[in-house]
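Data first, discussion second: the structure below is written as structure tokens.
The values are calculated or read from the model by the stated rules, or taken from the named source; none is laboratory data. All of these numbers come straight from a predicted model, not from anything done at the bench. Note that each Cβ is placed from the backbone with ideal geometry, even for glycine, and that neighbours are counted across all protein chains shown. For the accessible areas, the whole protein counts, side chains as well, though only heavy atoms, and no ligand, DNA or RNA atoms are used. Shrake-Rupley method; radii C 1.70, N 1.55, O 1.52, S 1.80 Å.
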Amino acid sequence: MIEHTENPLIFNTAINAVKYAQAPKNSQVCPFCDTEHLTDIFRIDGHKIWLKNKFPTIEHSLMTVIIESDEHLGDISTYHLEENREIFRFAFDCWDELISSGNYRSVLMFKNFGPHSGGTLRHPHLQIVGLEEADGYEQIAAENFTGVEIHQNGVEITLSTRPIMGFVEFNVIISDLDNVEQLADHVHTITNYLVNDYMNGRCDSYNLFFHHFDNRYICKIVPRFITSPYYIGYKIPQVNKREKLEEIAAELKEKLKNL
């Protein structure tokens, strides 16, 4: 029997209630567009802003947000390549700063995009969360990043055959932060593929999960749909048959040829 030593993260419903009570009633008002009234800012670089999350709903943590752009409907899948590279450099610097502080047992960075991703604001942003007590990597294994090889040249790209949740999980892997721009380019191409071509364009959501694992930097890209009941009820991930994974890998190899 598998034993999990970690307790769940504690979600503060009182703070969440305040968050929704203070949410703008006018859906046209975006707090990330209203930069003049932002507070608790850690760092600014052009239109990129790293700041404390105004509503820290997870206890025993530091919750922060990176506003990627002043373009309300922007996204990693649509930015110009240089802008996307700058966003990744900025985000990795912020993430490493929090890791290097030594104040947290683990520091997680992730991005939600689309209605099935778990996000609440459309304005493009990443989140960096320092967990004081929880180890965000406790249930993650090296095998979760291995599988069908798509690319191998400074940046390794795989399609998981042992996914964390399933069905399709792309892994973009570098060993040296000097290659972060290459990682950014490949994530740009894969997310663009997901929202435009994957499942004949029926995918409207994805997550990015960043891992500092085994001396490697990994971006796991997960297209999101309604979560499988096998995973919700039993923590059993599903994965496509090898033939389907090979088919997806072949499609993506064509997209990556010019990188």
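Pairs linking a residue in segment 226-237 that is more than 14 Å from Val168 (Cα to Cα) to a residue that is of a type in the set (D, E, K, R) and open to solvent by 60 Å² or more (accessible area, probe 1.4 Å), with Cβ atoms under 9 Å and 6 or more positions apart or on different chains, do not occur. Asp40: surrounded by fewer than 15 Cβ atoms within 10 Å (Cβ to Cβ) and touching a strand residue (DSSP E or B) at 6+ places or on another chain (Cβ under 8 Å), yes or no? Here the answer is yes, as Asp40 does meet what is asked.
Looking across segment 136-148, the residues that are open to solvent by less than 50 Å² (accessible area, probe 1.4 Å) and part of a loop (DSSP other than H, G, I, E, B) come down to Gly136, Tyr137, Ile140, Ala141. Within the set Tyr231, Tyr217, the sole residue that is in contact with a Pro (Cβ under 7 Å, 6 or more places away or on another chain) and either at negative phi or not aromatic (Phe, Trp, Tyr) (or both) turns out to be Tyr231. Among the residues making up segment 216-259, a single one is open to solvent by 80 Å² or more (accessible area, probe 1.4 Å) and within 19 Å of the chain's Cα centre (by Cα): Ile226. The condition (being in contact with a Ser or Thr (Cβ under 6 Å, 6 or more places away or on another chain), under 25 Å from Ala14 (Cα atoms) and of a type in the set (A, V, I, L, M, F, W, C)) is satisfied by just one residue among Leu126, Leu121, Leu131, Leu62: Leu131. Criterion first (modelled with pLDDT under 95 and open to solvent by less than 40 Å² (accessible area, probe 1.4 Å)) does Phe213 satisfy it? Yes: the conditions hold for Phe213.
Of the residues making up segment 182-201, one or more are more than 17 Å from Leu81 (Cβ to Cβ), among the small types (Gly, Ala, Ser) and not in a loop (DSSP other than H, G, I, E, B). Tallying residues that are more than 22 Å from Asp40 (Cα to Cα), in contact (Cβ under 8 Å) with a residue 60 or more places away in the chain and surrounded by fewer than 20 Cβ atoms within 10 Å (Cβ to Cβ) within segment 54-78 yields 2.
Quick one: would you say Arg242 is among the basic types (Lys, Arg), without any contact (Cβ under 8 Å) to a residue 24 or more places away in the chain and on the phi < 0 side of the Ramachandran plot? No, not satisfied.
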